[in-house]
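Engineer: One structure, pasted below without further comment.
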Amino acid sequence: MGKTYLQLQNDAKPAALLQAETACTFWQRFRGLMLRSPLPPGHALLLAPCASVHMCWMRFALDIVYLDKDWKILKIVPRLRPWLGLSLCPGAWGVLEMTAGEAERLGLAPGQILHSINNRQESGRIG
């Protein structure tokens, strides 16, 4: 899995910065955060392409942030429950999975736009 750094475009306050692991292959996306420890603050897993998530074999709740191809936040599902949770966002290009409460802590909301700030990934696309 690679890493990308994402920054929230926000003129009202200092921009949130996320360090995201990227899951681009089928098996990386399928595994997601299953059987792993919760991510630390400011970290996420980016699944792309992806428009749905399941919570089978998960040990902790997640915030799910759906993105379109322009990195615009389409939908946020807060505190999706482990084992039982399932979520879908038709039309989404990718998903950010983060420990429950992170989306609120970072001030994320539908309509906001994230930007890749990696030198290698300035276009916002995952390599």
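The values are calculated or read from the model by the stated rules, or taken from the named source; none is laboratory data. Worth saying up front: this structure is predicted, and the values here are computed from it rather than measured. Note that we place each Cβ from the backbone using ideal geometry, even for glycine, and neighbour counts take in every protein chain shown.
Engineer: From the set of residues in segment 40-68 that are more than 16 Å from residue 28 (Cβ to Cβ) and among the aromatic types (Phe, Trp, Tyr), which is surrounded by the fewest Cβ atoms within 10 Å (Cβ to Cβ)?
Structural biologist: 60
Engineer: Hey, any hits in segment 35-50 for a residue that's at pLDDT below 85 and charged (D, E, K, R)?
Structural biologist: Within segment 35-50, the subset at pLDDT below 85 is 35-37.
From the residues that got through so far, the ones that are charged (D, E, K, R) too are 36.
Yes; the residues of segment 35-50 include at least one that is at pLDDT below 85 and charged (D, E, K, R).
So that you can scan it fast, the table gives a plain yes or no per residue for (1) among the basic types (Lys, Arg); (2) modelled with pLDDT under 95; (3) out of contact with any Ser or Thr (no Cβ under 6 Å at 6 or more places or on another chain):
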| residue | (1), (2), (3) |
| --- | --- |
| 78 | no, no, yes |
| 82 | no, yes, yes |
| 86 | no, yes, yes |
| 93 | no, no, yes |
| 101 | no, no, yes |
| 107 | no, yes, yes |
| 113 | no, yes, yes |
| 118 | no, yes, no |
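Engineer: Consider residue 71 carefully, then state whether it is surrounded by fewer than 18 Cβ atoms within 10 Å (Cβ to Cβ), at pLDDT below 95, farther than 16 Å from residue 43 by Cα and not small (Gly, Ala, Ser). If you could, list the steps in order and put the result at the bottom.
Structural biologist: Working: surrounded by fewer than 18 Cβ atoms within 10 Å (Cβ to Cβ): no; at pLDDT below 95: yes; farther than 16 Å from residue 43 by Cα: yes; not small (Gly, Ala, Ser): yes.
It is false that residue 71 is surrounded by fewer than 18 Cβ atoms within 10 Å (Cβ to Cβ), at pLDDT below 95, farther than 16 Å from residue 43 by Cα and not small (Gly, Ala, Ser).
Engineer: Mind checking which residues of segment 36-69 are within 14 Å of residue 98 (Cα to Cα) and in contact with a Phe, Trp or Tyr (Cβ under 7 Å, 6 or more places away or on another chain)?
Structural biologist: So in segment 36-69, the residues within 14 Å of residue 98 (Cα to Cα) come out as 36-47, 53-55, 58-67.
Once the filter is applied, which keeps residues that are within 14 Å of residue 98 (Cα to Cα) and in contact with a Phe, Trp or Tyr (Cβ under 7 Å, 6 or more places away or on another chain), segment 36-69 yields 38, 55, 58, 67.
Engineer: Would you check which residues across segment 36-53 are closer than 16 Å to residue 94 by Cα and of a type in the set (A, V, I, L, M) and list them?
Structural biologist: 44, 45, 46, 47, 48, 51, 53 - these are the residues of segment 36-53 that are closer than 16 Å to residue 94 by Cα and of a type in the set (A, V, I, L, M).
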